[in-house]
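The values are calculated or read from the model by the stated rules, or taken from the named source; none is laboratory data. For clarity, every value in this text was computed on a predicted model and none was experimentally measured. Counting neighbours? That spans all protein chains shown, and the Cβs are built from the backbone with ideal geometry, glycine included. When the accessible area is computed, the model is the full protein with side chains, heavy atoms only, and any ligands, DNA or RNA have been set aside. Shrake-Rupley method; radii C 1.70, N 1.55, O 1.52, S 1.80 Å.
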Amino acid sequence: QVQLVESGGGLVQPGGSLRLSCVASGTMFSLDAMGWYRQAPGKQRDLVAHITSDGRTNYVDSVKGRFTISRDNAKKTVYLQMNSLKPEDTAVYYCHSLLHGRWGQGTQVTVSS
């Protein structure tokens with residue numbers, strides 16, 4: 001059974017940092033491309049960052065230079081390091097397995113003073 005569990009969200013002030021984690025189970029993780037998406041209230045779910053099985057990354061323009069996606073295949077975990085957070089980064093963040101087409105339950109990130 002494929003399962004993705006996100007953690008690390010919370011409330012942070014503008015300019016602050018958070019690191020999100022997504023632990024996979026029941027997946028062929030090392031062969032899988034993983035993505036982080038976010039969905040703000042009333043908006044569609046959009047891709048934030050993506051990492052291939054061999055570690056190549058890409059980012060949406062609005063987070064380039066601030067967010068970093070990485071993976072640890074031994075731990076079956078994908079991370080999203082978020083720095084210089086802005087109020088417009090507020091959303092529920094989801095991880096996604098491309099190989100299995102599965103989503104995690106999401107973790108709330110709120111950037112506010």
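Things worth noting here:
- Working note: Karplus 6.51/-1.76/1.60 with θ = phi - 60° gives the stretch 39-47 the couplings 9, 8, x, x, 10, 7, 7, 10, 5 Hz, where Gly and Pro are set to x.
- Computed from the Cα positions only, the extents of the stretch 1-78 along the three principal axes stand at 35, 24, 24 Å, in decreasing order.
- Note on the stretch 67-93 and the stretch 1-60: Cα centroid distance 6 Å, given to the nearest whole angstrom.
- SER84 versus ASP54: modelled label distance in nm, points set 7 Å from Cα along the beta carbon direction: 3.0
- Accessible-area composition of the stretch 6-113, carbon plus sulfur, in percent [1.4 Å probe]: 49
- Summary value for the stretch 25-113: 29 percent relative contact order, contacts being C-alpha pairs under 8 angstrom separated by 6+ residues.
- Remark: the chain carries 52 Å² of accessible area per residue (probe radius 1.4 Å; ligands, DNA and RNA excluded).
- With each label modelled as a point 7 angstrom along the Cα→C-beta vector, the MET28-SER112 pair spans 4.4 nm.
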